[in-house]
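Take a look at the structure set out below.
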Amino acid sequence: MLASSQWDQKIKTIDSVLNYLYQRQLFNGAVLIGDNGKVIYKKAFGIADTSAKPLTTLSAFNLASVSKQFFAMMAMILKEDGKLNFDDPVQKHLPAFPYSNITIRNLMNHTSGLPEYFELADRSMTLIDTLDNEKALAMFAEKKPPLVFKPGEKFEYTNTNFTTLASIVEKVSGMSCDRFFDERIVKPLGLKNTFIYNINMSFYPDSRVFGFYYENGKPVSNDLVYFDGIVGDGNVYSSAEDLYKWDQALYSEKLVKKETFREAITPGKLNNGSSKDYGFGWFVDTSGNTSHSGGWVAFGTYIKRYINKKQTFIFLENSGVYTGCNIVKAIIEGNAYKLPETSIITNVNLIDGTGTPSRKTNVRVVDDRISDIGDLEPFLHETVIDGKGYVLCPGFIDSHSHHDRSLDKNPEAIAAVSQGLTTIVVGQDGGSDPVDTIKEKLKQHPTAVNIATYTGFGSLRSFVMKDDLLRAATKPELNSMKALVTSEIKKGSLGLSTGLEYEDQFYSSKDEVIEMAKAVAAAGGRYISHIRSEDINIERSIEEIIQIGREAKIPVQISHFKIAMVSKWGKSNDILARLEDARTEGINITADCYPYIMWSSTPRVLFPKKDFTNRASAEYAVINLIDPNTSVITSFTPDKRFEGRSVTDIGKLNNETAADALLRIIKESDNDSAEASIIGVSMSEQDIVNFLKWNHTNLCSDGSGGGHPRGYGAFTRLLRRYVREQKIMPLETAIYKMTALTAEHLGIKDRGVITRGNYADLVLFDPARVTDNSTIGDPTALSSGIAIVWVNGKIVYQNKQSTKIYPGVFIQGGATAE
Ligand SMILES: [Zn+2]
């Protein structure tokens, strides 16, 4: 027994922690701690149901999976009655059971290989069915789903093991489980508030606790469902006090002999002789302590028996929050813990990201998540942030970003967060770092924004084909690239990005890209592409991405959608009609777009035929592809004088035409150490507006920390120029295209919508003032009107400044997200 002063201190801490959590709607339940037969702490907090009936330590909670130990006990009792043996085949007692080689021991040890029943049942049930044990058994008999592994080969926790065990108990005992349970466990132990209940029963005791969650600050029912006619894996109800009696009885021989029970708390063995950490309904740790947790609808339960010390911890919760269990356990065991932090953002005009109209409300954040929305009152001592009636919306997601280029030196990511971006998606245009490198960098240099990545086709080609890139890949090269992209997707990449206009990828064949896309589809990834031509061959390039979507059966997204050619201006509606046809055909094609009539890239893209010394092509470019008077060279390492000047002006420096200037720019920068970039003014605003308005376009910046003004202003520019000034779409639609739609296009979960449980990536802004201020002349001017930006619940930007807090995480792609 612990010295009582030590317990006193711990109990004081536990009680204050539970109070703290309860006052913040982060705990509603009962806790009991026992030491050598003595209850040293027991207390209930909150309500037993949505009518606000108070909980007590006698209230009977649904134990969820903590029920399993009781069914295992029933099997042990029947063994001592001489009615079964643990090594009996299940079929001996249940002839309809369709697998001959599974034993009762396999069920209790979770080594049977049986698949989970939930999905199988859901497929065969109608809306008026309730699942029960008989139906579950009949369903397995009829469908005989294949085993996940050979019995005894592996340990895999599966509820079907214990629903099957319950059927055996009924069959062998000749009575219903609840009656056998009552006669052989409840009555002998003198339990007062312990029973088996399923929703086909008409009666339940007064002590039954109901599950709920908080919505709008008020409890909303979250209790048993149509699966709950079944028992065995769950549906034992008990109170904290009864569970302590149960725990104490397990040290005695009131139910079964010690040697029988010892098997329940001894790790089961696999066929190869190795032990797993599970007995009969109990997890067993290396010190011989046993425990089990349970979670079902809003119930979260836990019992831990510190067998050597004869101490016990019982935790029962019915509002869907499990945090308290881990904290109390940490205090008991002397481990570190962290209390959740909560804050409330009041007086906001909520635009939740789904496109639905804004509404006045409050939002509560707990740690990194949104916990509640509604007419909420601040808790005692809670941090309150006055939203001043501004718009609160999900943090903006940039589906095509190059903001990562300087993150290790500028972790504030000011270009991104100052326009409301909370997630940047990098690895674009076919150029990426490996996922492991990005994760490692993020660990070394935490940043303000979240990062997700595609895997770049150009990077894969360079890795596999070295410098020999101006050709299609061979079959062995293709196979290597397919293996690489598959492994990257498993590590968290969203899929494959291509930049087919760039020379390292331009010479790939269509087949090569389709084969890559098929491998990506098989791995659960997606495809995003800077298409092969945005000017002369835009139509053929659009056909190519449609074909990739069709043949690889993969979602495809056109990057930075534009028509970069004067003579094709006005064709946006034709192109969109073609995309709509493709969608009707069943191809999931989407696009992203930035709201400017100028692009930024290498000047080499102005030679679509890759004939970089051809004067006729240069003349064609300055007439058809850009306006040389307004298109500006933004960086040019061979001759700094060129930087900031238009192509026409650079020509004047050398007494030559704009076309000659273009040839010179290419020639002088044609070596590996040189860098040249140009902002090309070449799109029609009407086309851009049409693309932005398309239902399947989300916003992107394509920006970085300078150069093109989009790096600092793309998202605020949409809000200012196209929503407030030109009113091309409602504000709610614009936000949708910056958040929820984007998350959908990327396969990112739990972000992009303000809803309970999602990550708290948030932007608070003044819609009347929000303005992009960045221009070609001043590309790093901060936007106005962005008041506060949160990333994972932490404020990263406020008062036009970084808070120097870096909570950004790597976001796993949909193929790997849990
Ligand atoms: Zn691009």
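Results, tabulated for the structure shown:
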| read-out | value |
| --- | --- |
| Residue pairs meeting the criteria (Cβ under 7 Å; at least 6 apart or on separate chains; first over 19 Å from N272 (Cβ atoms), in the range 149-163; second part of a loop (DSSP other than H, G, I, E, B) and of a type in the set (D, E)) | T158/E116; N159/E116; N159/D233; T160/E116; F162/D233; T163/D233 |
| Residue match in the range 488-506 (condition: free of Cβ contacts under 8 Å to residues at least 60 places away in the same chain, part of a helix (DSSP H, G or I) and not β-branched (V, I, T)) | yes |
| Hits in the range 772-804 - residues which are more than 21 Å from G711 (Cα to Cα), in contact with a Lys or Arg (Cβ under 9 Å, 6 or more places away or on another chain) and either of a type outside the set (S, T, N, Q) or part of a strand (DSSP E or B) (or both) | G793 |
| Of the criteria (1) touching a strand residue (DSSP E or B) at 6+ places or on another chain (Cβ under 8 Å); (2) touching a residue at least 24 places away in the same chain (Cβ under 8 Å), which one S291 fails | (2) |
| Those residues of the range 171-208 which are of a type in the set (V, I, T) and in contact (Cβ under 8 Å) with a residue 24 or more places away in the chain, in sequence order | V172, I185, T194, I196, I199 |
| Residue ID - farthest from F561 (Cα to Cα), chosen from residues in the range 687-723 that are of a type in the set (V, I, T) and more than 29 Å from the chain's Cα centre (by Cα) | V723 |
| Residues satisfying the stated conditions in the range 167-201, i.e. in contact with a Lys or Arg (Cβ under 8 Å, 6 or more places away or on another chain) and either of a type outside the set (V, I, T) or within 19 Å of S65 (Cα to Cα) (or both) | S173, P188, L189, G190, L191, Y197 |
| Unmet criterion (only one of (1) under 23 Å from T602 (Cβ atoms); (2) more than 16 Å from the ligand (Cβ to nearest atom); (3) touching a Lys or Arg at 6+ places or on another chain (Cβ under 6 Å)) for I536 | (3) |
| Test for R123: is it of a type outside the set (D, E) and surrounded by fewer than 18 Cβ atoms within 10 Å (Cβ to Cβ) | yes |
| Number of the condition not met by P98 [criteria: (1) in contact with a Ser or Thr (Cβ under 9 Å, 6 or more places away or on another chain); (2) touching a residue at least 24 places away in the same chain (Cβ under 8 Å)] | (1) |
| The range 493-514, subset farther than 26 Å from P603 by Cβ and buried (at least 20 other Cβ atoms within 10 Å of the Cβ), residue farthest from the ligand (Cβ to nearest atom) | E512 |
| Output for the range 43-62, where each listed residue is farther than 10 Å from A240 by Cβ, of a type outside the set (G, A, S) and touching a residue at least 24 places away in the same chain (Cβ under 8 Å) | F45, I47, D49, T50, N62 |
| Pairs with Cβ under 7 Å, 6+ apart, first in the range 647-671 and free of Cβ contacts under 8 Å to residues at least 24 places away in the same chain, second buried (at least 18 other Cβ atoms within 10 Å of the Cβ) and assigned to a loop (DSSP other than H, G, I, E, B) | T648/P628; G651/T657 |
| Enumerated helices (runs of 4 or more DSSP H) restricted to the range 73-143, each holding at least 1 residues that are within 38 Å of the chain's Cα centre (by Cα) and at pLDDT below 95 | 117-124, 133-143 |
| Residue selected from the range 432-468 under the condition of a type in the set (A, V, I, L, M) and free of Cβ contacts under 8 Å to residues at least 24 places away in the same chain, by the criterion farthest from G793 (Cα to Cα) | M465 |
| Residue list for the range 598-611, restricted to those being assigned to a loop (DSSP other than H, G, I, E, B), within 16 Å of the ligand (Cβ to nearest atom) and over 18 Å from S541 (Cα atoms) | T602 |
| Yes/no for L494 being under 24 Å from the mean Cα position of the chain (by Cα), among the hydrophobic types (A, V, I, L, M, F, W, C) and within 19 Å of T816 (Cβ to Cβ) | yes |
| Of the criteria (1) more than 16 Å from the ligand (Cβ to nearest atom); (2) surrounded by 24 or more Cβ atoms within 10 Å (Cβ to Cβ), which one T437 fails | (2) |
| Flag if K304 is touching a residue at least 60 places away in the same chain (Cβ under 8 Å) and crowded, with 16+ Cβ neighbours inside 10 Å | no |
| Of all residues in the range 553-577 being part of a loop (DSSP other than H, G, I, E, B), within 37 Å of the chain's Cα centre (by Cα) and more than 16 Å from the ligand (Cβ to nearest atom), the one that is farthest from A591 (Cα to Cα) | K553 |
| Restricting the range 1-50 to residues that are in a strand (DSSP E or B) and of a type in the set (A, V, I, L, M), the residue that is surrounded by the fewest Cβ atoms within 10 Å (Cβ to Cβ) | V39 |
| Residues of the range 580-633 satisfying the condition of being among the β-branched types (V, I, T) and either surrounded by 24 or more Cβ atoms within 10 Å (Cβ to Cβ) or touching a strand residue (DSSP E or B) at 6+ places or on another chain (Cβ under 9 Å) (or both) | I587, I589, T590, I597, T602, V605, I626, T630, V632, I633 |
| Subset of the range 387-434 [among the small types (G, A, S), buried (at least 24 other Cβ atoms within 10 Å of the Cβ) and either more than 16 Å from the ligand (Cβ to nearest atom) or assigned to a strand (DSSP E or B) (or both)] | G395, A413, A415, A416, S418, G420 |
| Residue within the range 669-685 that is part of a helix (DSSP H, G or I) and either of a type in the set (A, V, I, L, M, F, W, C) or closer than 19 Å to T602 by Cβ (or both) present | no |
| Failed condition for N450, given (1) within 16 Å of the ligand (Cβ to nearest atom); (2) in contact with a strand residue (DSSP E or B) (Cβ under 6 Å, 6 or more places away or on another chain) | (1) |
| Total residues in the range 566-606, condition without any contact (Cβ under 8 Å) to a residue 12 or more places away in the chain and either among the hydrophobic types (A, V, I, L, M, F, W, C) or within 16 Å of N698 (Cα to Cα) (or both) | 2 |
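The values are calculated or read from the model by the stated rules, or taken from the named source; none is laboratory data. Keep in mind the model is a prediction, meaning the values are calculated, not measured. Here Cβ is always computed from backbone atoms with ideal geometry, including for glycine, and neighbour counts include all displayed protein chains.
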